[in-house]
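Visitor: Submitted below is the structure of interest, expressed as structure tokens.
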Amino acid sequence: MSETRGRGAYHHGALPEALVAAAFEVLDEQGQERVSVREVARRAGVSAGAPFRHFADRQALLTALADRVLADFVSWQEAQVAAAGADGRSVMRTIGLGCVRYALHHPRRFELVRSRVFAASREPELREQLDGIDRAFTDLIVADQEAGRLRPGDPALVGLAGQALVYGLAQMIVDGYLPAGKAEEVAAQVLDTFGQGIANRPVQ
């Protein structure tokens, strides 16, 4: 997905969109630590003070950027599910592997989302989109259970377990703990192990 529309968009009066697009460029190139109001303004071709008409401070700009990254992530996951098709495996597995792939291909975007999503409280500006993602994820788990691809159980607990596993795998990749060249293969094996269950059944 290209996020380099900033300068052209500004000339049509869409300054906020242009600034977020410029911030996206900086994020992909250098990480969120280097996303500054001054640099974003420079790339958008406006004065250093212009962004403050739309974003109160750097944190507000980063929140808008996180919102854009989340939309990008949802589109990515939708493409992953469409590509998997009806392969007989759970959609939850496809979503999990898609998350790991996203972190592998876009580690700086993953880091931004991680810092904004996995926090003590959700930012009001992101809550609606995050709640929508949560509902969609729960619906996929229920559909997998009804189709017999997942065992019965509390969808919220199943989802939390899956999130914990995938988040850990993705963070290991971003941190370099898992070699990038084998990360996807290892992640698929771990997800399959998780899907099968690792506990022996009690002896009757």
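Visitor: Quick one: Karplus J couplings for segment 60-69, per residue in order, coefficients 6.51, -1.76, 1.60, θ = phi - 60°, nearest Hz, x for Gly and Pro?
Guide: 5, 5, 5, 5, 5, 5, 4, 4, 5, 5
Visitor: Given axes a ≥ b ≥ c from the Cα gyration tensor, I'd like to know whether segment 124-204 is rounded (a/c under 1.5), prolate (a/b larger than b/c) or oblate.
Guide: It comes out oblate by the Cα gyration axes.
Visitor: While we're here: Pairs of Cα atoms under 8 Å, at least six residues apart: use those to get the relative contact order of segment 1-141, whole percent.
Guide: Values: 126 pairs, mean separation 29.4, N = 141.
Relative contact order, segment 1-141: 21 percent.
Visitor: Right, next: Could the peptides 151-164, 56-69 be put in order, highest first, of the mean number of other beta-carbon atoms found within 10 Å of their residues?
Guide: 56-69, 151-164
Visitor: Additional query: How much of the accessible area of the chain, in percent, comes from carbon and sulfur atoms when a 1.4 Å probe is used?
Guide: After summing per-atom areas, the C and S share lands at 55 percent.
Visitor: Let me ask something else about it. With a 1.4 Å probe and every protein chain left in place, work out the accessible area per residue of the chain in Å², rounded to a whole number.
Guide: Details: 11620 Å² over 204 residues.
Ligands and nucleic acids excluded, the result is 57 Å² per residue.
Visitor: Moving to a separate point now. Which order do peptides 15-21, 80-86, 139-145 fall in by mean Cβ count within 10 Å, highest first?
Guide: Answer by packing, highest mean first, reads 15-21, 139-145, 80-86.
Visitor: With +1 on the Cβ of every Lys and Arg and -1 on the Cβ of every Asp and Glu, and nothing else charged, how large is the dipole of the chain about its Cα centre, in debye rounded to the nearest 20?
Guide: On the way: 23 positive and 26 negative charges, 65 e Å.
Result for the chain is approximately 320 debye, rounded to the nearest 20.
The values are calculated or read from the model by the stated rules, or taken from the named source; none is laboratory data. A quick note: this is a predicted structure, and the numbers were derived from the prediction, not measured. In this analysis, Cβ positions are derived from the backbone assuming ideal geometry, glycine residues included, and neighbour counts consider all displayed protein chains. Heavy atoms of the whole protein, side chains included, go into the accessibility calculation; ligands, DNA and RNA do not. Shrake-Rupley method; radii C 1.70, N 1.55, O 1.52, S 1.80 Å.
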